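The values are calculated or read from the model by the stated rules, or taken from the named source; none is laboratory data. For clarity, every value in this text was computed on a predicted model and none was experimentally measured. Counting neighbours? That spans all protein chains shown, and the Cβs are built from the backbone with ideal geometry, glycine included. Protein only, heavy atoms only, side chains kept; ligands, DNA and RNA dropped before computing areas. Shrake-Rupley method; radii C 1.70, N 1.55, O 1.52, S 1.80 Å.
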Amino acid sequence: MKFDIGVILASGHEILSGLALTVLIWIAGSALGLGLGFIVATLRRYGGPLVNLGLAIPVEILRGTPFLVQIFLLYFGGPFIGLSLDPIPAGLLGLTVYGAAYYSEIFRAGYQSVPEGHVEAADCLGFGRIQTIRHVLLPEMALIVLPPAVNMTVILLKETALLSLITVPELTLTVQAIGSQKYAFLESLFVLALVYWALVEIAGQLGRLAEGYFSRYRTART
Amino acid sequence: MTTDDIPAIACNKVCKSFGSTEVLKDITLDIPAGQVSCLIGPSGSGKSTLLRCMAFLEEATSGTILIKGQPLGFSEQDSGFRARQPASQIRAVRANIGMVFQQFNLWPHMTALGNVSAALRVVRGLPKREAEARAMAQLEKVGLADRADHYPSQLSGGQQQRVAIARALAQEPRIMLFDEPTSALDPELTGEVLNVMRQLAAEGMTMVVVTHEIGFAGSVANRINFLDHGRLLFSGSPEEVFRKPRHPRLEQFLDTYLDRGASMLV
Ligand SMILES: Nc1ncnc2c1ncn2[C@@H]1O[C@H](COP(=O)(O)OP(=O)(O)OP(=O)(O)O)[C@@H](O)[C@H]1O
Ligand SMILES: [Mg+2]
């Protein structure tokens, strides 16, 4: 038996369709998770102690349990509470909620990084709450939030591989299927590692570009 | 009664507690329009808290504050119940007030021009060009037109504080509140900020200034209010305060400044 990646790459068409689904779920799940996480962090900041507690509990549960367990519960347990989802929507929902829990903590730290006086200055000038968030808090916290958010987004990409276990036909499931059809199990793992790594590098570069953009005003920071 | 007769700010029996600590005790104080009122007193006496109550950054535990005769933050109902005003009403009353902080509180992601024009665009909805033209006029007034495109991190403390003053002035407030505007600055930078404030006073702006600059208080203030342990112990003209200090606490407080070059005032 010899190691021959060509066996796997011969099925390029299928790999591309798996890759497309991975990228799609990843980008949609990250974007939705980012949005939901921001909303959760904002509600926790402004919603009073009860709302804060009511949201802290699910966030802690989601952060304290494995993603694999969460998607199994959602996919196999969901039907028992009337939530029967196909694999792809179940995977997307799972990734979104899981990501949102982490993103919300990132935004919470971001909110806390902005000095209270900067918000008071906006209050005194007549800014409403949403205007303060939009024009003061978000841009000010961008630099603080960006590195951990990029990091989390990369982690989410890698977590999408677990969606193969609830039969989402994404990259991992596709390539492994090809591998077992053609008795090229190691080769399939090798190809998977290469493709995920390439995606992670691209995401990291985009993140660094964004950081460069937001750090332009920090040039002479003392 | 003309509007000039109404005090710019009228505090009536204002009390403020943080938890079980009483920080302000029954403060009744009028800030006359068109004049400079200073708040002086030892550290922890409640000067900042009182000023912040006037800007509704702190909510008084009891008592009322009227801005140009309009209640700030709370409306007293006929039944005597004290109801919090809706946010829009609070904003409307607050629009009379500009606030300058010890720590400047400029937004670091905006240039000087951005800081000064932001509220004009966001709050007033002015088009960018007009907002920036007005902001530029304010920066000129504080002598910083040539620094308009600098970020706060590229400005000295004195320049940052002047930008912060310009930012507050751009909203055309009728009353300006200053909380120790020069105490975060190196001594050689305080002059440029005090000069801007003198100019503002000369234009007839109503100003309330919390300060440790007894020299500034003595030469610019129309009224000096002395706070000690949350109580207003003395209120009078600079002459009354410096020439014949009566209250022993005030005398003791001023004594600490004799060594600091303010002796010529006393
Ligand atoms: N947010 C707060 N929570 C609890 N206590 C507070 C708070 N803000 C102020 N205090 C307390 O209230 C008292 C008055 O504080 P304040 O800042 O008004 O004093 P100050 O006269 O401005 O003093 P300084 O000259 O040092 O600025 C202090 O004892 C302070 O510890
Ligand atoms: Mg103070």
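Diffusion coefficient of region A:47-137 by Stokes-Einstein, Kirkwood radius over Cα pairs, 25 °C, 0.890 mPa s: 156 µm²/s. Amide H neighbours of B:ALA8 under 5 Å, counting only residues 5+ apart in sequence or on other chains, H built in-plane at 1.01 Å? So B:ALA8 has HN proximity to B:ILE31, B:ALA33.
Sorting the Cα pairs of region A:132-199 by distance into bins of 5 Å, from 0 upward, gives 3, 15, 17, 17, 12, 8, 7, 8, 5, 4, 2, 1 percent per bin. For the pair region B:204-224 and region A:117-142, the centres of their Cα atoms are 30 angstrom apart. Beyond 14 Å, the tail of the calculated P(r) for region B:6-56 holds 54 percent of the Cα pairs. Of all lysines in the structure, those lying under 26 Å Cα to Cα from A:LYS158, and not within fewer than 8 positions of it along the same chain, are A:LYS182.
Counting every alpha-carbon pair across region B:178-224, the share separated by more than 13 Å comes to 52%. Kirkwood hydrodynamic radius of the protein assembly as shown, from the reciprocal of the average inverse Cα-Cα distance over all distinct pairs: 26.5 Å. Would you please state the base-10 log of I(q)/I(0) at q = 0.16 1/Å for region B:116-264, with intensities from the Debye formula using one equal scatterer on every alpha carbon? Relative scattering, expressed as log10 I(q)/I(0), comes to -0.91.
In this assembly, the B-A interface accounts for approximately 2100 Å² of buried accessible surface in total, computed with a 1.4 Å probe and without ligands, DNA or RNA. With respect to the cross-link table entries B:LYS13/B:LYS141; B:LYS47/B:LYS141; B:LYS16/B:LYS128; B:LYS68/B:LYS141; B:LYS47/B:LYS128, which display a Cα-Cα separation exceeding 31 Å? Pairs exceeding the cut-off: B:LYS13/B:LYS141; B:LYS16/B:LYS128; B:LYS47/B:LYS128. Between B:TRP107 and any residue 5 or more places off or on another chain, the built amide H atoms are never under 5 Å apart. Pairs of Cα atoms in region A:107-149 fall into 5 Å distance bins, from 0 up to the last occupied one, in shares of 5, 26, 32, 22, 10, 4, 1 percent.
Residues of region B:86-111 that bury at least 30 Å² of accessible area once all protein chains are present, compared with their chain alone (1.4 Å probe, heavy atoms only, ligands and nucleic acids left out), are B:ARG91, B:ARG94, B:PHE101, B:ASN105, B:TRP107, B:PRO108, B:HIS109. For A:LYS2, the aspartates and glutamates whose Cα comes closer than 15 Å to its Cα, not counting residues fewer than 8 places off in the same chain, are A:GLU187. Region B:123-199 and region A:158-211 have Cα centres separated by 54 Å. Panel note: the C-alpha atoms of region B:1-152, placed on their principal axes, show extents of 51, 35, 30 Å (largest first). For the protein assembly as shown, the solvent-accessible area works out to 47 Å² per residue, with a probe of 1.4 Å and every protein chain left in place. Among the protein heavy atoms of chain B, carbon and sulfur supply 47% of the accessible surface, probe 1.4 Å, non-protein parts ignored.
The alpha-carbon positions of chain A define a convex hull whose volume is 156 Å³ per residue. Using every pair of separate Cα atoms, the Kirkwood estimate puts the hydrodynamic radius of region B:63-124 at 14.1 angstrom.
Averaged across orientations, what area in nm² does the convex hull of the alpha carbons in chain B project?
The Cα convex hull of chain B, projected and averaged over all directions, gives 15.6 nm².
For region A:6-221, what % of the accessible area comes from carbon and sulfur atoms, probe 1.4 Å? C and S atoms contribute 72 percent here.
For peptide A:135-147, the mean count of partner chain Cβ atoms within 10 Å of a residue's Cβ comes to 2. Within the shell of other residues whose beta carbon sits under 13 angstrom from the beta carbon of B:ARG223, the net charge comes to -3, with Lys and Arg scored +1 and Asp and Glu -1.
With the solvent-accessible surface defined on protein heavy atoms using a 1.4 Å probe, which residues belonging to region B:113-136 display a reduction of at least 10 Å² in accessible area in the multichain context relative to the isolated chain? Buried on complex formation: B:ALA119, B:VAL122, B:VAL123.
Taking a span of 27 Å or more along the helix axis (Cα atoms) and a mean Kyte-Doolittle hydropathy of at least 0.5 as the rule, no DSSP H helix of chain B qualifies.
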